[in-house]
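Student: This structure is in structure tokens; I'll ask about it shortly.
The values are calculated or read from the model by the stated rules, or taken from the named source; none is laboratory data. Computed from a prediction, not measured in an experiment: that's the story for all the values here. Glycine also receives a Cβ, built like all others from the backbone with ideal geometry; neighbour counts cover every protein chain displayed. Note: accessible area is taken over every heavy atom of the protein model, side chains too, but ligands, DNA and RNA are not part of it. Shrake-Rupley method; radii C 1.70, N 1.55, O 1.52, S 1.80 Å.
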Amino acid sequence: MIWVIAGTLDGRTLAVEIQKRTGEDVLVTVVSQYGAELAAHKGITVHTGRLDQEAMQNLIKEHNVRLLIDASHPYAAIVTATAQDAAKAEGIPFVRFERKEVPLPEYDKLHIVVDEVEAANLAGQLAKDNNSHVYLTTGSKTMHIFAKSEALQDCEVWTRILPTAEVLQMMEDLNVSPKRIVAVQGPFSYDMNRIMFHDTKASVVVMKNSGLVGGADTKLQAAMDLGIHVIVIDRPRVKIESHVVSSNDEFFKLWEDTNGLR
């Protein structure tokens, strides 16, 4: 069986194409029930839940996995590192599938930071020098950092999240006002991003460089055209000891060159 950690749309698409083109059984793992619904497809087994290294190794044994493909989100560094270690421990090939970053243009209001803590501090500083309106497009996983940041306490912070009960409950637990929650699934077009940034009077947009599939290009362009500050959280870097691909074509070329990575 081939295992695809499918934390992204392109990961789910790859899993389906692998099953169709190779005829092999494919296991897809996701974190949430919503992710499981998106991943459901004929010929694919879906496992839901978070996995530590021990659980990953048990899954490899249970399903007789012979190849592990990590297509988790570009910012899920812990998942990638853990999956690589699990594959190494079980003696099976590991492939990292990671979408390419969007090239960042020259823009005098573009700021690159290393993590969410630095992003929150800078966003608070920049916003207070303008109209104190911040628009977060970084998702819910690290929302606690922004919600608890002292630098943002006096700012009007808008947050774009997935409209699931679990995420909305988390926002409520963090005392985030429903008035400033935009609960809708992306990615979003340039026009929609521009309307959202404009209507919320955002002076600062915080984003990740999640690639074209993640809509990084349309967020960036919309913010630039409105002349507002853009804070980009840089991707975490994980040392990959084996193959890295960024498209289905690259994966299947690797597949052919290595005889199915056997």
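Student: In degrees from 0 to 90, rounded to the nearest 10, what is the angle of the helix 190-199 Cα long axis to the longest principal axis of the chain?
Tutor: It is inclined by approximately 40 degrees.
Student: How far, in degrees from 0 to 90, does helix 53-62 lean away from the longest principal axis of the Cα atoms of the chain, to the nearest 10?
Tutor: 40 degrees
Student: What value, in deg cm²/dmol to 500, does the helix sum -39500 (n - 2.57) over DSSP H runs of n ≥ 4 give at 222 nm once divided by the residues of the chain? It would help to have the intermediate numbers written out before the result.
Tutor: Details: 10 runs with 102 residues, N = 262.
Helix-only estimate at 222 nm: -11500 deg cm²/dmol.
Student: In percent, how large is the relative contact order of region 42-134, given Cα pairs closer than 8 Å and 6 or more residues apart?
Tutor: Numbers: 60 pairs, mean separation 21.3, N = 93.
Averaging sequence separation for qualifying contacts and normalising by length gives 23 percent for region 42-134.
Student: Further question on the same structure: Please list, by residue number, every one of the GluC sites (Glu not before Pro) in region 150-248 that is coil in DSSP and has at most 14 other beta-carbon atoms within 10 Å.
Tutor: Values: sites: Glu150, Glu156, Glu166, Glu172, Glu241; in loops: Glu241.
Sparse-neighbourhood loop GluC sites (Glu not before Pro): Glu241.
Student: In addition: Given axes a ≥ b ≥ c from the Cα gyration tensor, I'd like to know whether region 19-107 is rounded (a/c under 1.5), prolate (a/b larger than b/c) or oblate.
Tutor: Working: a/c = 1.69, a/b = 1.36, b/c = 1.24.
Since a/c reaches 1.5 and a/b is larger than b/c, the shape of region 19-107 is classed as prolate.
Student: Run the reach check for Lys88 against lysines, Cα to Cα strictly under 18 Å, same-chain hits fewer than 8 apart removed. What comes back?
Tutor: List returned: Lys61, Lys239.
Student: Of Ile240, Phe197, Thr164, which is farthest on the positive side of the dipole of region 145-251, counting Cα position, with +1 on Lys and Arg Cβ, -1 on Asp and Glu Cβ, and the Cα centre as origin?
Tutor: Positive-end residue among those listed: Phe197.
Student: Can you tell me the accessible area per residue over region 109-235, all protein chains present, probe 1.4 angstrom, in square angstrom? Don't skip to the answer; put the middle values down first.
Tutor: Working: 5920 Å² over 127 residues.
That works out to 47 Å² per residue.
Student: Let me ask something additional. Give the carbon-plus-sulfur fraction of the accessible surface of the chain in %, rounded to a whole number; probe 1.4 Å, heavy atoms of protein chains only. Don't jump to the answer; show the numbers that get you there.
Tutor: Details: 6460 of 12970 Å².
For the chain, the apolar C and S fraction of the accessible surface comes to 50 percent.
Student: For Lys128, give me every one of the lysines with a C-alpha distance below 20 angstrom, ignoring sequence neighbours fewer than eight places off in its own chain.
Tutor: Lys109, Lys148, Lys201
Student: Once the Cβ-Cβ distance between Arg262 and Ala55 is put in as r, and R0 is 25 Å, what FRET efficiency do you end up with, to the nearest 0.05?
Tutor: Details: r = 26 Å, r/R0 = 1.03.
In this case the efficiency is close to 0.45.
Student: Order Trp158, Trp3 by their accessible area, 1.4 angstrom probe, all chains in place, largest first. Working shown, then result.
Tutor: On the way: Trp158 45, Trp3 0 Å².
Correct descending sequence by accessible area is Trp158, Trp3.
Student: Next question. What net charge do the residues around Met1 carry, taking every other residue with its C-beta under 10 Å from that of Met1, with Lys and Arg at +1 and Asp and Glu at -1?
Tutor: On the way: positive: Arg66; negative: Glu24, Asp25, Glu62.
Here the count lands on -2.
Student: Separate question: What does the C-alpha gyration tensor say about the overall shape of the chain? Classify as rounded when a/c is under 1.5, otherwise prolate if a/b is larger than b/c, or oblate.
Tutor: Values: a/c = 2.18, a/b = 1.90, b/c = 1.15.
Verdict is prolate for the chain.
Student: Moving to a separate point now. Need one value: the accessible area of Lys20 in square angstrom, 1.4 angstrom probe, rounded to the nearest 10.
Tutor: Only protein atoms counted, so the area is about 140 Å².
Student: Which net charge results when you count Lys and Arg as +1 and Asp and Glu as -1 among the other residues whose beta-carbon is under 14 Å from that of Lys20?
Tutor: Working: positive: Arg12, Arg21, Lys42; negative: Glu17, Glu24, Asp25.
Combined, the nearby Lys, Arg, Asp and Glu give 0.
Student: In addition: Given a 1.4 Å probe and heavy atoms of the protein chains only, how would you sort Tyr75, Tyr190, Tyr135, largest accessible area at the top?
Tutor: Values: Tyr75 35, Tyr190 65, Tyr135 0 Å².
So the residues, ranked largest to smallest area, are Tyr190, Tyr75, Tyr135.
Student: Could you give me the ³J(HN,Hα) list for region 172-185, computed from phi with Karplus coefficients 6.51, -1.76, 1.60 and θ = phi - 60°, whole Hz, x at Gly and Pro?
Tutor: Calculated HN-Hα couplings, in order: 5, 5, 8, 6, 7, 5, x, 4, 10, 9, 10, 9, 7, 8 Hz.
Student: In the neighborhood of Glu101, defined by Cβ-to-Cβ distances under 15 Å, what is the net charge if each Lys or Arg adds +1 and each Asp or Glu adds -1? Spell out each step's value before the answer.
Tutor: Details: positive: Arg96, Arg99, Lys100, Lys208, Lys219, Arg235, Arg237; negative: Asp10, Glu98, Asp217, Asp234.
Summing Lys/Arg as +1 and Asp/Glu as -1 gives +3.
Student: Pull up the cross-link candidates among the lysines for Lys20, meaning alpha carbon to alpha carbon under 17 Å and not fewer than 8 places away within one chain.
Tutor: Partners found: Lys42, Lys253.
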